[in-house]
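The values are calculated or read from the model by the stated rules, or taken from the named source; none is laboratory data. Just so we're clear, the structure is a prediction, and the values are computed from it rather than from any experiment. Cβ coordinates were reconstructed from backbone atoms using ideal geometry, including for glycine residues, and neighbour counts include every protein chain displayed.
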Amino acid sequence: MLSITDARSSDLPDFSLFDCIVVGAGFAGSVIARELAERSGKRVAVIEQRGHIGGNAYDELDENGVLVHRYGPHIFHTGSQRVYEYLSRYTEWYDYAHEVLADIHGAYTPVPFNLNSIEQHFDGHKAAALIDRLVERFGMNTKVPIIELRAQKDPLLSELADFVYQNVFLYYTQKQWGLAPEEVDPTVTARVPVLVGRDNRYFQDAYQGMPRAGYTPLFERLLDYPGIEVFVNLDAAEVLEFVAPDAGSDTPFAQTRASGAAFVGEVVYTGPLDFLCKKRFGLLPYRSLEFVYEPHDCKHVLPCGTVNYTVSEDYTRITEYTWLTGQDISHTTLMKEYPLAFEDKPGQVPYYAILDDKNRQHYERYLGLFASLPNFHALGRLAEYRYFNMDQIVERALELADSLCVG
Ligand code: FAD
Ligand code: UDP
């Protein structure tokens, strides 16, 4: 039986009854909790500050009965057979391949920008010449980051690069990050390359789909195992304490305490490290989002799951959830995403780490505080201050379990 206790209406957990503590009930926390319990018979306390499990993948029915993702659209895709088979133990799949159209001055254009997109925006001869040159230079079915395309000296490729940069990347990236594309970490824009091919799907991974009944039931099954107890509405900062031998600001912690008593079991932390350390070195830089929902009394409004607004509007994209989930219902709900700086205001969520060397060093300083605690593990998109997709997080959690559950 799934055990979830609301910490607002009950006593704090008695940690002496547990072997391990996991902070966060997203993919990182839920997978590692399950593995520690199932592979090693550990008793695991999962602490979640929100009132629900699922982390940022949490979904629920809105007031019109439409299944929506409360923390942004989550589309599952992976090249990892291990991850796909693992999650398939906890869900069946709705066969969905995500397609995104960019609204370029009213013209709906496939993104990643591909050979079909070229033919839509350039006349016949020019399009044929651009395609020939692209294939000649990079080969068919290759992916070319916009930064790499812009570095090409060939005049034809430069013309294409300028078009894609101006119409797909520049304004969207300015909205999303408050920076120009060349100022963000190259791995970020490389997530959406120019595709030398005709595949209109957003992802080319071997395994793609959506949990048939939604993400939240997947998490309910993951966490439903003897020995796992979930405590929601409980901030780890209220119960966990890390004690250093002296008052030096960079002195590594030497002891973990849970509800005031020493805790020697494994602690897996999947939230932001700066918050766990009471921001002693200042806030790590993050971007946040605001979501605005729009109900409609019809089956579909958009032509596909997501439209990216790459040259207009203040929001970056609109997602229509019924496309993603395949839900057969007479209503629909759109969701617009408005990016903004994370300023640690009430209700704001730090969704994206802002990747650069300086921020990475800032993060490493926090991580250094835990260097002398071999039982402490920072795992997950926030805890590792990285830009991980769900499948990468599941893979990392399974790998951590491989190392912790030996013997
Ligand atoms: P989270 O899901 O963030 O879980 C961490 C949990 O820890 C949260 O529930 C949080 O409340 C809890 N927590 C934090 N601090 C504390 C504390 N002090 N005490 C108690 N609990 C705490 N990935 C994809 O593969 N496909 C997509 O389409 C996709 N779309 C995305 C869209 C958006 C807008 C965003 C922001 C991300 C998207 N991702 C997507 C990435 C995906 O959200 C992450 O890979 C995944 O959620 C990471 O899991 P996690 O467990 O590391 O973190
Ligand atoms: N991007 C862009 N235009 C687009 C799509 C993406 O400029 O139409 C850039 C932008 O900088 C974005 C990054 O590529 O932050 C990664 O896009 P992705 O769709 O992977 O972002 P996520 O879904 O993770 O927010």
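Odds and ends about this structure:
- When segment 45-79 is filtered for residues that are crowded, with 17+ Cβ neighbours inside 10 Å and polar (S, T, N, Q), the ones remaining, listed by number, are GLN49, ASN56, THR78.
- The set of residues in segment 187-241 that are touching a helix residue (DSSP H, G or I) at 6+ places or on another chain (Cβ under 6 Å), polar (S, T, N, Q) and closer than 30 Å to ASP357 by Cα contains only THR189.
- Of the residues VAL44, VAL66, VAL100, the single one that is β-branched (Val, Ile, Thr) and in contact with a Leu (Cβ under 8 Å, 6 or more places away or on another chain) is VAL44.
- Picking from residues in segment 327-339 that are touching a Leu at 6+ places or on another chain (Cβ under 8 Å) and farther than 17 Å from HIS98 by Cα, the one that is farthest from ligand 1 (Cβ to nearest atom) is TYR338.
- Annotation note: of ASP250, ASP274, ASP246, the sole residue that is farther than 20 Å from PHE18 by Cα, in contact with a Gly (Cβ under 8 Å, 6 or more places away or on another chain) and assigned to a loop (DSSP other than H, G, I, E, B) is ASP250.
- Any hit, segment 120-136, residues being of a type in the set (Phe, Trp, Tyr), more than 22 Å from the chain's Cα centre (by Cα), away from ligand 1 (no atom under 16 Å from the Cβ) and within 19 Å of ILE318 (Cβ to Cβ): no
- Answer from LEU276, LEU324 - the residue that is within 13 Å of ligand 1 (Cβ to nearest atom) and within 26 Å of ASP62 (Cβ to Cβ): LEU324
- Complete set of residues in segment 350-384 that are within 11 Å of ligand 1 (Cβ to nearest atom) and not small (Gly, Ala, Ser): PRO350, TYR351, TYR352, LEU379, ARG381, LEU382, GLU384
- Taking the conditions (1) in contact with a helix residue (DSSP H, G or I) (Cβ under 6 Å, 6 or more places away or on another chain); (2) more than 30 Å from LEU302 (Cβ to Cβ) in turn, ASP391 satisfies each one other than (2).
- Considering segment 53-89, and only residues there that are of a type in the set (Ser, Thr, Tyr) and over 19 Å from LEU223 (Cα atoms), the residue that is nearest to ligand 2 (Cβ to nearest atom) turns out to be TYR71.
- In segment 210-228, of all residues being of a type outside the set (Ser, Thr, Tyr) and buried (at least 20 other Cβ atoms within 10 Å of the Cβ), the one that is farthest from GLU99 (Cα to Cα) corresponds to ILE228.
- All positions within segment 385-399 that are over 20 Å from GLY72 (Cα atoms) and within 9 Å of ligand 1 (Cβ to nearest atom): ARG396, ALA397
- Note on segment 350-407: residues that are among the basic types (Lys, Arg) and farther than 16 Å from SER30 by Cβ amount to 4.
- The set of residues from segment 259-278 being in contact with an Asp or Glu (Cβ under 8 Å, 6 or more places away or on another chain) and modelled with pLDDT of 95 or more comprises GLY265, GLU266.
- Residue count for segment 150-179, restricted to those that are in a loop (DSSP other than H, G, I, E, B) and either more than 10 Å from ligand 2 (Cβ to nearest atom) or crowded, with 20+ Cβ neighbours inside 10 Å (or both): 5.
- Strands (runs of 3 or more DSSP E) completely within segment 1-119 that count 3 or more residues being at pLDDT 95 or above, touching a helix residue (DSSP H, G or I) at 6+ places or on another chain (Cβ under 7 Å) and away from ligand 1 (no atom under 14 Å from the Cβ): 107-111
- Candidates VAL192, VAL188, filtered to the one that is of a type outside the set (Lys, Arg), within 16 Å of ligand 1 (Cβ to nearest atom), in a loop (DSSP other than H, G, I, E, B) and surrounded by 16 or more Cβ atoms within 10 Å (Cβ to Cβ): VAL192
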